[in-house]
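To start, the structure under review is shown below, and the notes come after it.
The values are calculated or read from the model by the stated rules, or taken from the named source; none is laboratory data. On a predicted model such as this, the values are computed, not experimentally measured, just so you know. For neighbour counting, all protein chains shown are included, and Cβ atoms are generated from backbone atoms with ideal geometry for every residue, glycine included.
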Amino acid sequence: MNNPTGFLEIDREDRHYRPVSERLKSWREFVEPLPEGTVARQAQRCMDCGVPFCHSACPVNNLIPDWNDLVTSGDWQAALDRLHATNNFPEFTGRVCPAPCEAACTLNLEDRPVTIKTIECEIADRGFREGWVTPRLASKGTGRRIAIVGSGPAGLACAQQLARLGHNATVFEKTNRIGGLLRYGIPDFKLEKSLIDRRVAQMEREGVLFRTNVDVGHDLPLDRLLDDYELVVLAVGAERPRDLDVPGRDLPGIHFAMDYLAQQNRRVAGDAEEAAAPSGTISATGKHVVVIGGGDTGSDCIGTANRQGAASVTQLEIMPQPPERENKALTWPLWPLRLRTSSSQEEGCERDFSVLTNEFFGNGQVEGLRCARARWDGGRLQEVEGSHFEIKADLVLLGMGFTGTAFPFEAAGLDTERGAIAADAVRFATSRPRVLACGDARRGQSLVVWAIREGRDCAAAVHEALAQA
Ligand SMILES: Cc1cc2nc3c(=O)[nH]c(=O)nc-3n(C[C@H](O)[C@H](O)[C@H](O)COP(=O)(O)OP(=O)(O)OC[C@H]3O[C@@H](n4cnc5c(N)ncnc54)[C@H](O)[C@@H]3O)c2cc1C
Ligand code: SF4
């Protein structure tokens, strides 16, 4: 540890965002990287605690104090190696991870955690700028053939690990581009897609084969894959959206968030948009938009609607408004429930909490919502009597989470558990021999960093299974 008193001498400083007026005119990322010297100074704030809570709070167990120390001493390339030792794609997590590591940082007891995510992002970005990120070729091939279905962060991490172990990894993806929700869920203004392309290029040079436009279970039966490959890994995500089954749901103008978001990402990429939303073009331009659901997906809808020039954006959440500040004595080092304002919410939106949507109304097109206040009574959701109100809406986006995998698991003879493909977290074995599952498909809707962790662990399980076969 280079500066044992850094945390006393140096104030926390984090990346800034470009002004709202500027960023709303663009689909590009708007987070301004800190100058390299400032990042190195921020790394000096790490106390290298005896028990690094950040390390265990990070789902991939990033070796955070180690790379903070290396950055402090100016050895960025060694820091990149330490980072890649646990995380295949730190340039993704450095942009979109909610950073549970920072919640667990000892300095967060005083609300001034080390800027871990920013340091991670700079190590990764610098690695690419300097040309340090090169293919890591296996010393020899094993000739063992593995199919990975799904090219989100779980499938990609799994395939990369397998290729580096010398196995022949082929990724099958039903859409026209690689990346899963990194590509078609998360908007470009949070994660530019060229970042995925350069990783895919690295993986291709490491020997991973990519087959796009192949819908396994529909175009290509799972049994056929099992004829051609020794093992099949299902990393097919949790794509089934939660619906809101209330009167008026079938009115035109009410869409699932993912139909809307994927369409805009396709537009930015210059691809045909109809593949994402069979119901035609969905646009927020000039419209009063209501987003139902308060999570990441909802926020992405807000940022997209504001960039499209919505007349207004309102976000409804069924849960009560959480406290502005958590009680650290009760929550630290765990992830606390507290009111957070995303960059998209900051760009302009009305937020309302404890709202039940009872009905959509309109004449041939959605015109509004009939709502009521919600309260939790003995763990049950109740409607507050006499609390009815209406909200005007020309476009409603449903971002209320996902209920599980959309893979045709029954036809494929796979057991499920709470909507996800049933598989354990050690062998990743499903109910079908030679078929494994990982990522959101196995654990349910989660985070990019968890998908990377699952992909890595599943690759280790595949390697072990091959050794025993
Ligand atoms: C809108 C949105 C925003 C999000 N924002 C964040 C964020 O900011 N930070 C964060 O950490 N997490 C975020 N998440 C969650 C995160 O994106 C997911 O947890 C993560 O992508 C899961 O990775 P995965 O590889 O398991 O699945 P996915 O990324 O869903 O990838 C699954 C892939 O499998 C493909 N596939 C499915 N079925 C088949 C089939 N039958 N044949 C072939 N291919 C198939 C799909 O097309 C897809 O490409 C967000 C999620 C959404 C929906
Ligand atoms: S991946 Fe997420 S939790 Fe882990 S160090 Fe990076 S920002 Fe923190």
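A few points about this structure:
- Helices (runs of 4 or more DSSP H) contained in region 2-92 and holding at least 1 residues touching a Leu at 6+ places or on another chain (Cβ under 9 Å) and closer than 29 Å to ARG456 by Cβ: 36-43, 53-57, 64-72, 76-84
- The residues listed here are ALA422, ALA411, ALA460, ALA465; of these, the one that is of a type in the set (A, V, I, L, M, F, W, C), more than 24 Å from the chain's Cα centre (by Cα) and away from ligand 1 (no atom under 14 Å from the Cβ) is ALA465.
- Of the residues screened, PRO98 is one that is within 16 Å of ligand 1 (Cβ to nearest atom), modelled with pLDDT of 95 or more and surrounded by fewer than 20 Cβ atoms within 10 Å (Cβ to Cβ).
- Qualifying residue in region 196-213 (condition: within 16 Å of ligand 2 (Cβ to nearest atom) and either among the hydroxyl-bearing types (Ser, Thr, Tyr) or assigned by TED's automatic domain parsing to the domain that holds ARG427 (or both)): yes
- Of the helices (runs of 4 or more DSSP H) lying entirely inside region 105-190, those carrying at least 1 residues that are aromatic (Phe, Trp, Tyr) are 116-130, 181-184.
- The condition (being more than 15 Å from the chain's Cα centre (by Cα), polar (S, T, N, Q) and more than 22 Å from GLN445 (Cα to Cα)) is satisfied by just one residue among THR175, THR106: THR106.
- Residue in region 239-252 that is free of Cβ contacts under 8 Å to residues at least 12 places away in the same chain and exposed (fewer than 14 other Cβ atoms within 10 Å of the Cβ) present: yes
- Exclusive hit being assigned by TED's automatic domain parsing to the domain that holds ILE186 and modelled with pLDDT of 95 or more, set GLU390, GLU454: GLU454
- Extreme residue, farthest from the chain's Cα centre (by Cα), among residues of region 273-288 that are surrounded by fewer than 16 Cβ atoms within 10 Å (Cβ to Cβ) and at pLDDT 95 or above: GLY286
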